[in-house]
């Protein structure tokens with residue numbers, strides 16, 4: 001199925017059809033590739049250990065980490081490139097290749113040197129009775145999180161892999177050490193992020209789109225307005241991403257405090273403004289005074305923002321796959337439970353390549369969901385989503401709130417869609433613009449359907465997809481926790 005998504009409506013489609021590929025064979029083929037990667041990860045991991053008993057456990061743990069990484073790539077990365085694909089700034093193949101490169105680069109170059117052995121600090125390591133119990137706990141967390149993300153991908157629901165692994169750790173921790181082992185305050189803060197991060201992302205995306213409508217889209221001379229405001233918007237994007245990457249994306253290279261990150265962002269924003277001023281002026285010469293022309297000015301900034309989101313995501317979320325694996329390796333080799341462990345390079349490679357392979361093999365389904373099936377996107381709207389994602393992370397870091405990049409990005413998509421619903425029905429600026437220009441053929445965004453059912457289908461966020469995603473978000477942590485507790489009891493009863 002994913003291969004059909006990638007090659008649909010392309011020149012390659014005819015050739016693949018002649019070669020006899022179909023949906024069933026594609027699924028089997030890509031599943032085969034996945035099993036080969038998982039098996040190779042297990043063999044390579046086991047080769048680094050001299051003890052035969054430890055080699056078996058590390059091989060199994062590596063296989064689980066590889067499986068988790070594949071699922072992160074299949075599900076989570078769609079939030080970074082989906083809007084760009086939906087806006088037609090990138091083709092599906094181009095988005096997959098770019099995302100794979102930048103996700104891998106972020107994981108390998110900027111992924112952390114150390115990780116917390118207990119994800120997000122929600123379980124007290126001192127409460128775990130023995131290293132063997134701790135190993136079962138980590139394995140159960142990996143299995144449950146990977147299975148849950150796999151199920152969500154099959155259902156077409158983007159979910160937070162961070163919340164999945166948190167639920168897995170919490171469920172196995174409760175099974176191993178009881179309810180008192182959980183830091184319920186920290187878990188409550190994570191639960192609060194289910195609401196805070198998507199709402200904040202949606203509000204910011206809507207505000208940026210409102211600004212673009214006010215100062216560019218519904219101006220009589222769009223091109224002159226764009227020459228002034230697009231460089232400012234690009235500077236805002238550069239500021240947000242500069243601070244975002246300094247806070248979240250380069251911790252392995254250097255750790256910046258919050259104020260240093262903001263200063264870095266402001267410097268990058270200033271440079272971006274100076275560089276983009278002449279470029280936008282040159283790019284806008286001779287183009288028609290239409291929204292289609294405006295969208296061309298946002299195309300390349302959108303592609304750059306998608307690449308930076310992938311880099312930062314690879315640097316941060318690779319830990320969801322390899323954190324438990326690194327903890328298992330450290331515990332087996334040292335015989336003790338450590339609060340933090342170093343990440344061997346081969347462990348980082350499993351996470352990096354697993355995310356990339358998962359994206360390429362199984363990612364298109366969720367890329368299409370995020371980019372095309374929630375609401376209609378163009379480069380301007382997708383730019384608002386990317387800018388809101390980076391800005392929300394900065395605000396959340398300042399407030400010390402745990403947030404999910406998945407929830408933020410999708411919140412931005414929802415925010416853009418719901419804002420358009422309200423704006424098209426109530427905006428005085430839009431109505432005045434249409435009245436002033438009533439003598440010419442209206443552009444697509446100016447037309448108002450007389451039939452309310454057609455108008456609803458055209459402008460509204462698709463409620464079925466919206467409710468599916470929200471439901472998946474709400475049940476992610478408890479579902480992963482329940483599954484993890486079940487897996488833990490099974491493992492400990494068989495091998496305990």
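Each reported figure results from applying straightforward, stated rules to the coordinates on display, with no laboratory input. These figures come from a predicted structure and were not determined experimentally. When we count neighbours, we look across all protein chains shown, and the Cβ atoms used for this are built from the backbone with ideal geometry, even at glycine.
Angle between the Cα long axis of helix 184-212 and the longest principal axis of the chain, 0 to 90 degrees, nearest 10? Value to nearest ten degrees: 20. A protection proxy built from the mean count of other Cβ atoms within 10 Å ranks the segments 359-370, 83-94, most packed first, as 359-370, 83-94. Across segment 224-284, the volume of the C-alpha convex hull divided among the residues equals 69 Å³ per residue.
Axis angle, to the nearest 10 degrees, between helix 345-362 and the longest C-alpha principal axis of the chain: 50 degrees. Counting neighbouring Cβ atoms within 10 Å and putting the fewest first, the residues 380, 127 line up as 127, 380. What the pair-distance distribution of segment 118-182 shows, using all Cα-Cα distances binned every 5 Å from zero, is 4, 20, 28, 21, 12, 8, 5, 1 percent. Taking every alpha-carbon pair under 8 Å whose residues sit at least 6 apart, the chain reaches a relative contact order of 32 percent. Angle of helix 131-155 to the longest C-alpha principal axis of the chain, folded into 0 to 90 degrees and rounded to 10: 30°. According to the Kirkwood relation over distinct C-alpha pairs, the hydrodynamic radius of segment 2-495 is 23.5 Å.
A simple spin-label model places the labels of residue 258 and residue 195 2.2 nm from each other, with each point 7 Å out along Cα-to-Cβ.
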